[in-house]
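> Below: one structure in structure tokens.
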Number of protein chains: 2
Amino acid sequence: MAEVLKVSSKSNPNAVAGALAGVVRNAGAVELQVVGAGALNQGIKAIAIARGYLEPSGVDLVCVPIFADIEIDGESRTAIRLVCEDRAHTTLDLVALEAAQPEHTLHG
Amino acid sequence: MAEVLKVSSKSNPNAVAGALAGVVRNAGAVELQVVGAGALNQGIKAIAIARGYLEPSGVDLVCVPIFADIEIDGESRTAIRLVCEDRAHTTLDLVALEAAQPEHTLHG
């Protein structure tokens, strides 16, 4: 499964872009997890910047937004996960596969 | 060039998703133009929803965020354009080509 970078409204888009590009170069894909409009804004800016970093390496970075229910301090929140990867490479089959496996098989 | 849908912070993500899916089905691609974090939030939600609308037709909707300088009421603003299209289909070469043509050739 792709590494997850959590992005907040205080994250620096340039710094996130650098981290994002590094993980994509090494692992082929990365997910940004954001909660709220301010965090999403920084995440999307980071992706737009990272496209420029990765283009000379022949990576055509695309993103796929997916809703995700997460828990923060015991409360249920809706996050958005931005799956970032080269256009020619999809991890989404893997994500779907993992989601399809009931969790209890992992814990007995 | 792909049709442009302008999305505001007051846009309904479900309505935008329906319009987005319709244009992608007919034309293969669409661009959402947003200014500000609230508008971006509605646009990204719309893309996440539209993925579900298009999946049964075999369309793997991806988005590519690009910064764009636009003018609103005579003031220069930075917008984000979200190019939405099937993963297997890219319009970006066309976009780059148009951007590379100096505008003054159009006006004499």
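> I'd like to verify a number: residues in the range A:46-66 that are over 13 Å from the mean Cα position of the chain (by Cα) and under 18 Å from B:ALA39 (Cβ atoms), how many?
1
> Another question, then. Taking the range A:1-16 as the search range and keeping residues that are more than 12 Å from the chain's Cα centre (by Cα) and either closer than 12 Å to A:LEU82 by Cα or not hydrophobic (A, V, I, L, M, F, W, C) (or both), which one is surrounded by the most Cβ atoms within 10 Å (Cβ to Cβ)?
That would be A:SER11.
> Going residue by residue through the range B:17-28, is there one that turns out to be closer than 15 Å to A:ILE44 by Cα, within 13 Å of chain A (Cβ to nearest Cβ) and either buried (at least 16 other Cβ atoms within 10 Å of the Cβ) or modelled with pLDDT under 95 (or both)?
No, the conditions are met nowhere in the range B:17-28.
> Output the residue which, of all residues in the range B:71-91 that are within 14 Å of the chain's Cα centre (by Cα) and of a type in the set (A, V, I, L, M), is farthest from the other protein chains (Cβ to nearest Cβ). Before you say what the answer is, go through the steps one by one.
Going residue by residue through the range B:71-91, those that are within 14 Å of the chain's Cα centre (by Cα) are B:79-86, B:90-91.
Imposing the further condition that a residue be of a type in the set (A, V, I, L, M) reduces the set to B:79-80, B:82-83.
Working: B:ALA79: 11, B:ILE80: 6, B:LEU82: 8, B:VAL83: 9 Å.
For the range B:71-91, the residue satisfying everything is B:ALA79.
> Which residue is nearest to B:HIS89 (Cα to Cα), if the candidates are limited to the range A:53-67 and must be at the interface with chain B (Cβ under 10 Å from one of its Cβ atoms) and either among the aromatic types (Phe, Trp, Tyr) or out of contact with any Asp or Glu (no Cβ under 9 Å at 6 or more places or on another chain) (or both)?
It comes out as A:PRO65.
> Restricting attention to the range B:52-94, which residues are in a helix (DSSP H, G or I) and within 24 Å of A:PRO13 (Cβ to Cβ)? Reasoning before the result, please.
As a first pass, look at the range B:52-94 and keep what is in a helix (DSSP H, G or I): B:52-57, B:92-94.
Within the range B:52-94, just B:LEU92 meets the criteria.
> Further, regarding this structure: Can you tell me which residues in the range A:25-51 are within 14 Å of A:SER11 (Cβ to Cβ) and among the basic types (Lys, Arg)?
A:LYS45
The values are calculated or read from the model by the stated rules, or taken from the named source; none is laboratory data. This structure is a prediction, so every number in the text was calculated from the model and none was measured. FYI the Cβ positions are ideal-geometry reconstructions off the backbone, even for glycines, and counts take in every protein chain you see.
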